[in-house]
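Nothing in this text is a laboratory measurement; each read-out follows from the coordinates by a stated rule. Remember, it's a predicted structure, so these values are computed and weren't measured experimentally. As a convention, Cβ positions derive from the backbone with ideal geometry for all residues, glycine included, and neighbour counts pool all protein chains shown.
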Number of protein chains: 2
Amino acid sequence: MRFTCEKSILQEGISTAQKAVTGKSTMPVLNGILIKTFNNEIILTGSDIDLSIETRVKAEILEEGSIVIDAKIFGEIIRKLPNDVIHINTIDNNSIEILCQKSRFTLIHMNADDFPELPNINENMIFSIPQKILKNMIKSTIFATAQDDTRPILTGVLFEINNKNLNLVALDGYRLALRSEILETDNTINAVIPGKTLNEVSKILEEEDENVNITFTPNHILFSLGETKIISRLLEGDFIKYNSIIPSEYNLKAIAKRADLLNCIERASLMAKEGNTNLVKLSIEDENMVITSNSQLGMVREELNIILQGEPLQIAFNSKYLIDVLKIMDEDEIVMEFSSSVSPCLLKNKEVNNCTYLVLPVRLLNH
Amino acid sequence: MRFTCEKSILQEGISTAQKAVTGKSTMPVLNGILIKTFNNEIILTGSDIDLSIETRVKAEILEEGSIVIDAKIFGEIIRKLPNDVIHINTIDNNSIEILCQKSRFTLIHMNADDFPELPNINENMIFSIPQKILKNMIKSTIFATAQDDTRPILTGVLFEINNKNLNLVALDGYRLALRSEILETDNTINAVIPGKTLNEVSKILEEEDENVNITFTPNHILFSLGETKIISRLLEGDFIKYNSIIPSEYNLKAIAKRADLLNCIERASLMAKEGNTNLVKLSIEDENMVITSNSQLGMVREELNIILQGEPLQIAFNSKYLIDVLKIMDEDEIVMEFSSSVSPCLLKNKEVNNCTYLVLPVRLLNH
């Protein structure tokens, strides 16, 4: 194998493929990046089995071939080389030579035949969506995935397509995040993507209008964007029937300025943290929301103007769950819907109806 | 006690005083900040005994008094409050009340009488130096202090004043850093400041021409800048006679471009790190410096144009020590002086003679 490639584009390719390499695999070859020459390109592939990323970069191929090279040290070497053309070729002793200006590295490589084959996916595109919108949808839901493996299906995000709608849903038993977009497709899909791999996908998606194409198979999802393909396995099993959890009615509706509410709850949580409970109490009455919290160090009382429809209510929450949601939402004004002090609270945008957040209250002893 | 103060200036004062609070003291009062009213100011003091920082901020005093308040939570509360006037006053139950717009905190305080008295220092100013110069001198030497306590005196930086010169010196047995500035004083001083406290001092010093005044007592050093006083204890014992360590002659002198040399050694160290030895070899001959390193993963060879005076030489170093120095130095070209492959190497600026770095070589078996 022998090729030359511009440092900057090789570095970008490695950085993309490397996102699938955990560096912790017990299979040495999975700590490496597969480099394969193909026409006037090289194909770089990283994989941890659950997630595989393949990206192509322009190169001048002088001799075909394929090798696997340790991702971490290869990435570090290329990053530190001068901004110039890099020559790479195989030499004796299972090694490659990396040349750039007056730098010369030799590095042991692994055997390309040992690298696992990627799932063969027939790219009948199921749907297409601007990268920045999918990136935002992932960010808006992934924080609500379960962080422990008690119920593995909850560590993933549901991709649900029906009635020309794409819904992303995550929930962990304490809160739920639902984010929707209209989609031009007549397909119906119900698949759960591991949160861990979706996190890497979201890093590769750009804040751009350019589309990402998405294909599903019974066991995998494929994201195609530009020169890059990302393949993730799906989680097995059925996702929770989340619709039955979201209340459709409410007794109390409050409209609040998002930034003000976030600031009040963040300040209240300073005291809540000290008690290790994160407990904040909301008392809603007369166009006013009073937020209180206390610990052995002292107490805090915050007051916020709101627009109120319905009956007064007292309710308590883990402040972290409210803060997570209020930080993710992006409209200036939000709507909170309550039914009782022991029923979930819904948070929605005031204007654009594309997300629903649900947070369970903490039951207080004196209720 | 009762006062009002602008949030931004109170926050800045807390941030300064807090730099002396480690938060790990077994004396609860030392995890707090002492707040004392004084004329139309409040004085904020933090201390961990070794280091004390006192800063004054403008406030409207409505009732005199003094309290100690937990530094961490007090700092977090003030930081999160809106940008407006903050009212603070003592209330019942050993508590204070913090009011700002519609926020109200109560917070338990500690007794000001339990707070240790700061050393009484007669401020006969010994010398005065622009803040940004002292900040740079600290940065240029502190990295070479010893990180373990085997020889406590080496965990500090020597402040040496004689012949109208201020020298800062640090050394750890493997390398030495010396940084000098001319000073308008006839005094002679020899004092060692703990690296730990100097690190905090350096954070408070601004990149400004404004002076910091420095006073020494037999056991303490006082830095006065603007509204802030920083008092550090000195380390006991005599510093090493560092002058006898620095060679005054050399057999080989090499002039190199600093950035290029740094890049070469950083790349070589990528391979050196893999072998856990950090070993890089320099081979100097014919206007050329060849830098090599190897590990079980492979090898690297870097080549650099230099200006050479003297005999060819082969010498090896721990790459970390060279990288630390080359990152700190700021001239484009540097001078390296060598005597033999087992003698220390000196690094100096090519133009301005205000620093000397010494790095011990690693003795190779085949020398």
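Quick notes
- Reciprocal mean inverse distance between Cα atoms of the protein assembly as shown - Kirkwood radius, Å: 30.9 Å
- Exceeding the 25 Å Cα-Cα cut-off - candidates A:LYS102/B:LYS327; A:LYS139/B:LYS72; A:LYS327/B:LYS72; B:LYS58/B:LYS80; A:LYS80/B:LYS281; A:LYS164/A:LYS320: A:LYS139/B:LYS72; A:LYS164/A:LYS320
- In summary, the convex hull built on the alpha carbon positions of chain B has an orientation-averaged projected area of 22.2 nm².
- Remark on region A:227-309: Rg and Dmax equal 19.3, 57 Å (Cα only).
- Cα gyration tensor of region B:1-157 - equivalent ellipsoid semi-axes, whole Å, descending: 32, 18, 16
- For region A:195-272 and region B:281-337, distance of Cα centres in Å: 50 Å
- Region B:32-61-region A:37-110 distance, computed between alpha-carbon centres (Å): 59 Å
- Charge dipole of region B:177-267 about the Cα centre (unit charges at C-beta), most positive-ward option of B:ILE230, B:ALA191, B:LEU252: B:LEU252
- Candidate aspartates and glutamates for bridging to B:LYS241, where Cα separation is under 12 Å - those fewer than 8 sequence places away on the same chain excluded: B:GLU160
- The mean number of Cβ atoms from other chains found within 10 Å of a Cβ in peptide B:76-88 is 2, as a whole number.
- Whole-number percent relative contact order across region B:246-367, with pairs defined as alpha carbons under 8 Å at least 6 apart: 29 percent
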